[in-house]
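Bear in mind that the values in this text are calculations on the coordinates, not laboratory data. Here the structure is a predicted model, which means the values were calculated and not measured. Counting neighbours? That spans all protein chains shown, and the Cβs are built from the backbone with ideal geometry, glycine included.
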Amino acid sequence: MTPDALRALCLGFEAAVEDFPFGPETSVFKVGGKLFALSALDGDPLTVNLKCEPEQALRLREEHPGVVLPGYHQNKRHWNTVHVAGLPADRLRELVEDSYDLVVAGLPRTERLRLDRP
């Protein structure tokens, strides 16, 4: 997956926005003001930090050693750093969507209803 494809994927979710609170080199993708993906899109290798259920985070790290790692500069229990080139595009899409869904689930009910995700 290319950096442009990763950006398009992240921005393809309802109410997703891109922000640059850490400087122009780091894209932060948010929904409802909350982070669901973070990437230095010009990084080599291309990586993305994604939120994950703690049990799934551990399982993914075991299944994909060297590709899925504890979240760099984030809570390692709830975040993974994923080397984009190491996963099939379909699997990466699932992980990004899971991250988005976890963040939406933590939003206030009125916000979730607005996003049509009760």
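Values for this structure:
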| read-out | value |
| --- | --- |
| Selection of chymotrypsin sites (Phe, Trp or Tyr not before Pro), segment 50-118, meeting DSSP coil and at most 14 other Cβ within 10 Å | 72 |
| Computed FRET value (nearest 0.05) for residue 78 with residue 4, which takes r as the C-beta separation and R₀ as 41 Å | 0.90 |
| Gaussian network model of the chain, springs between alpha carbon atoms under 10 Å - residue of 71, 32, 23 with greatest fluctuation | 23 |
| 10 Å beta-carbon shell around residue 98, net charge (K/R +1, D/E -1) | -2 |
| Over the chain, relative contact order from alpha-carbon pairs under 8 Å, at least 6 apart, % | 22 percent |
| Stretch gain in nm, segment residue 58-residue 15, where the contour uses 0.36 nm per residue and the Cα spacing is subtracted | 12.6 nm |
| Rounded, prolate or oblate (a/c below 1.5 giving rounded, otherwise prolate when a/b exceeds b/c) for segment 3-112 by Cα gyration tensor | oblate |
